[in-house]
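Enquirer: Would you mind keeping the following structure in view while I ask a few things?
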Amino acid sequence: MAAKATRQAFGEALVDVGAKNPNVVVLDADLSKSTMTCLFADKYPERFFEFGIAEANMIGAGAGLALAGKIPFVCSFACFITGRFDTIRMSVGYSRANVKIIGTHAGVGIGEDGHSQMGLEDIALMRTIPGMTVLQPADEIETKQAVAFAAEHEGPVYIRLTRQKLPDVNGPDYVYQPGRGVELASGMDMTIFATGGTVHPALQAKDILAAKQIDARVVNVHTLKPLDEELILRCARETGCLFTVEDHTVIGGLGSAVAEVVAEHHPVPVKRWGILDTFGQSGGEKELYRHYQIDAEGIAAAAAAFYQKNIQNKAGIA
């Protein structure tokens, strides 16, 4: 099974969209070899702008370029770029500027760099901005198609990307549909909603749960905003038990988004699983996924416990 970091897939896709549209420009903040915008810089140096460690200035300049008719991709680590939330809120959001904001190295999956480099709050922040589309692809093919969509979409977009390599979860014929979740595996006992780096572990967790006689459905939520409410509510009706998992704080991310939908339209039990109101720490990516229990075994254990509790509550067992 192929595996590639979504930041790498993004860098390759950026070159492709740059070839197709001369209005695409790229802005980076001294991290081009990490965000992989160096690939675009090598190919189109006249359309690449290096801002140094000045993310707020980069975002403001990106907004100005967008309002002048360009399609700017402004790029940095997720924690650094969304750390300039006030500038994003006013210069991009309020202005409805056609800026594509790229946050790489998201989540604890970045590994040894530690908590200061880990974007764990970025989805929560970006979801609050009116008109902002929020995307988190789960593999190479999804990333490349998401980048192509962002370049064509009129309006601000935030794309969240990984440092670590992600195995493919989609086939070669996959067609990306913005705003539409993807049911990767069927199941009738419960639904596991996953996004980004946790999608593949969620699929592995399904097999572990099957050995416990729990039939779990797995859904890839690549678009956090606008959310596929129709799919979420269908899963709520059909399985009656929803479990979300993400490499992000459980406050304001995928889990919160799903819970908001069902609370308003079809209340069912929801368990939010991810980084549980704490900071990240330094370690290997696999070690950290295991520590925070967002690897396959951790997801399966938490999902099984939640399912059993739900069954007991239905049966009226204290």
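Enquirer: Can you name the strands (runs of 3 or more DSSP E) wholly within segment 188-290 that have at least 2 residues being of a type in the set (Ser, Thr, Tyr)? Walk me through it before giving the result.
Expert: Numbers: elements: 190-194, 216-220, 223-225, 242-249, 270-275.
Those strands (runs of 3 or more DSSP E) span 242-249.
Enquirer: For Glu246, are the conditions met, namely being free of Cβ contacts under 8 Å to residues at least 12 places away in the same chain and out of contact with any Lys or Arg (no Cβ under 8 Å at 6 or more places or on another chain)? Show your work before the answer.
Expert: Working: free of Cβ contacts under 8 Å to residues at least 12 places away in the same chain: no; out of contact with any Lys or Arg (no Cβ under 8 Å at 6 or more places or on another chain): yes.
So Glu246 does not fit the description; no.
Enquirer: Further question: Out of Leu254, Leu231, Leu224, Leu276, I need the residue that is surrounded by fewer than 21 Cβ atoms within 10 Å (Cβ to Cβ), closer than 19 Å to Pro137 by Cα and not charged (D, E, K, R). Which one? Give the derivation first.
Expert: On the way: Leu254 fails: surrounded by fewer than 21 Cβ atoms within 10 Å (Cβ to Cβ); Leu224 fails: surrounded by fewer than 21 Cβ atoms within 10 Å (Cβ to Cβ); Leu276 fails: closer than 19 Å to Pro137 by Cα.
After ruling out the rest, the residue left standing is Leu231.
Quick grid of which residues meet (1) among the charged types (D, E, K, R); (2) closer than 21 Å to Gln8 by Cα; (3) at pLDDT 95 or above; (4) outside the structural domain of Leu135 (by TED's automatic domain parsing):
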| residue | (1), (2), (3), (4) |
| --- | --- |
| Leu31 | no, yes, yes, no |
| Thr37 | no, yes, yes, no |
| Ala41 | no, yes, yes, no |
| Glu46 | yes, no, yes, no |
| Glu50 | yes, yes, yes, no |
| Gly64 | no, no, yes, no |
| Phe80 | no, yes, yes, no |
| Phe85 | no, no, yes, no |
| Ala97 | no, no, yes, no |
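Enquirer: Only one residue in Glu55, Glu46 is crowded, with 20+ Cβ neighbours inside 10 Å, more than 19 Å from Thr6 (Cα to Cα) and of a type in the set (Asp, Glu), so which one is that?
Expert: Glu55
Enquirer: Still on this structure: Picking from Ser116, Ser91, which residue would you name as being assigned to a helix (DSSP H, G or I), among the hydroxyl-bearing types (Ser, Thr, Tyr) and at pLDDT below 95?
Expert: Values: Ser91 fails: at pLDDT below 95.
Just a single option satisfies the conditions, and that option is Ser116.
Enquirer: Just wondering, is there one or more residues in segment 28-44 that are in contact with a Cys (Cβ under 7 Å, 6 or more places away or on another chain) and in a helix (DSSP H, G or I)?
Expert: Initially, segment 28-44 is screened for residues in contact with a Cys (Cβ under 7 Å, 6 or more places away or on another chain), giving 28, 32, 35, 37.
Filter once more, so that each one left must be in a helix (DSSP H, G or I): 32, 35.
The answer is yes, given that some residue of segment 28-44 is in contact with a Cys (Cβ under 7 Å, 6 or more places away or on another chain) and in a helix (DSSP H, G or I).
Enquirer: Among the candidates Gly93, Gly103, Gly187, Gly109, which residue alone is surrounded by fewer than 24 Cβ atoms within 10 Å (Cβ to Cβ), small (Gly, Ala, Ser) and touching a helix residue (DSSP H, G or I) at 6+ places or on another chain (Cβ under 8 Å)? Can you show your working first?
Expert: Working: Gly93 fails: touching a helix residue (DSSP H, G or I) at 6+ places or on another chain (Cβ under 8 Å); Gly103 fails: surrounded by fewer than 24 Cβ atoms within 10 Å (Cβ to Cβ); Gly109 fails: surrounded by fewer than 24 Cβ atoms within 10 Å (Cβ to Cβ).
Going through Gly93, Gly103, Gly187, Gly109 in turn, the sole match is Gly187.
Enquirer: Can you tell me which condition Thr6 does not meet? The list is (1) farther than 23 Å from Ala106 by Cα; (2) in contact with a Pro (Cβ under 6 Å, 6 or more places away or on another chain), and all the others hold.
Expert: (1)
The values are calculated or read from the model by the stated rules, or taken from the named source; none is laboratory data. Since the model is a prediction, treat every value here as computed from it, not as a measurement. Neighbour counts run over all protein chains shown; Cβ positions are idealised from the backbone, glycine included.
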